[in-house]
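A.B. asks: Sharing a structure below in structure tokens format, with a few things to ask.
Values in this text are rule-based calculations from the coordinates and carry no lab data. Note that the coordinates shown come from a computational prediction; the quantities given were computed from them, not determined experimentally. Heads up, the Cβs are rebuilt from the backbone with ideal geometry, glycines too, and the neighbour counts pull from every protein chain shown.
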């Protein structure tokens, strides 16, 4: 009889030990799961912090491009396949003439103000661009996607830059044949206040340098330092003055 009781007690103790071991293993597995989950959560948080610090693949101005280009994808669409202008501009000459008409006259620029509004309907993807009344165009039907503020080394579609003009942007345009030195002076002028500004080369205009706003045009057949004053005053007069102004 004593042997049977002893055997029962031995089996009971063995069962208790097995249950303890099983519970201990479960606790270890649970703690390991918590540890792995914690490491994964930390990795996710670190990744989010890195994305925020790096601008989510875009700089603070959007587009994942150099700071010097000042591309702002929050107010428009960066042009696909067009390289941003990452050049550092040189300091432009100081203001010598702050009156627009006088500055344009001194620089021998063609100043066309308050031109006919050629329309502002949005084109469908299947529509051909209109034949605009001015070169470069200053108004007319355009793409529903406005061009993002910024400086570009290539020429974006006019149907996109026109929409940006409607939003109060001013575009500095220059002949690709303009010397590199003169281009970077224009880049320096752009960098004085890049908000609400666009800059790009335009091979299809009869000017070495031009500035456009909605229904406003400044065209300079030849470039010299006096052109800087004309563009600067044009910018300060018409930036933010489009029929659908968008903050910058």
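A.B. asks: PRE reach from residue 126 (point 7 Å along Cα→Cβ): which of region 141-169 fall under 20 Å by backbone N?
C.D. replies: 141-145
A.B. asks: Separate question: Could you calculate the contour length gain from residue 99 to residue 155, that is, 0.36 nm times the residue separation minus the distance between their Cα atoms, to one decimal place in nm? Mind dumping the intermediate values first?
C.D. replies: Working: separation 56, 0.36 × 56 = 20.16 nm, distance 2.99 nm.
Value of the extension gain: 17.2 nm.
A.B. asks: Taking the Cβ of each residue in 197, 205 as the centre, tally the other Cβ atoms inside 10 Å and list the residues starting with the fewest. Could the numbers behind the result be given before it?
C.D. replies: Numbers: 197 24, 205 18.
So the ranking, lowest neighbour count to highest, is 205, 197.
A.B. asks: With contacts defined as alpha carbon pairs under 8 Å and 6 or more residues apart, what's the relative contact order of region 100-147 in percent?
C.D. replies: Working: 36 pairs, mean separation 17.1, N = 48.
Relative CO of region 100-147 lands at 36 percent.
A.B. asks: Quick one: 100, 178, 147, fewest Cβ neighbours within 10 Å first, how do they rank? Write down the numbers at each step before the final one.
C.D. replies: Working: 100 21, 178 16, 147 30.
Ordered from fewest to most neighbouring Cβ atoms within 10 Å, 100, 178, 147 come out as 178, 100, 147.
A.B. asks: Would you work out the relative contact order for region 100-225, in percent, from Cα pairs under 8 angstrom that are 6 or more residues apart? Intermediate results must be reported in sequence, preceding the final value.
C.D. replies: On the way: 239 pairs, mean separation 39.3, N = 126.
Reported relative contact order: 31 percent.
A.B. asks: Over the Cα atoms of region 98-163, what is the Rg over Rh ratio if Rh follows Kirkwood?
C.D. replies: Details: Rg = 14.5 Å, Rh = 13.8 Å.
Result for region 98-163 is an Rg/Rh of 1.05.
A.B. asks: Please order 180, 68, 192 by the number of other Cβ within 10 Å, starting at the fewest. Write down the numbers at each step before the final one.
C.D. replies: On the way: 180 8, 68 18, 192 13.
By the 10 Å Cβ count, ascending, the order reads 180, 192, 68.
A.B. asks: Would you mind estimating how fast region 69-238 diffuses translationally, via Stokes-Einstein at 25 °C and 0.890 mPa s with the Kirkwood radius over Cα pairs, in µm²/s?
C.D. replies: After rounding, the answer is 156 µm²/s.
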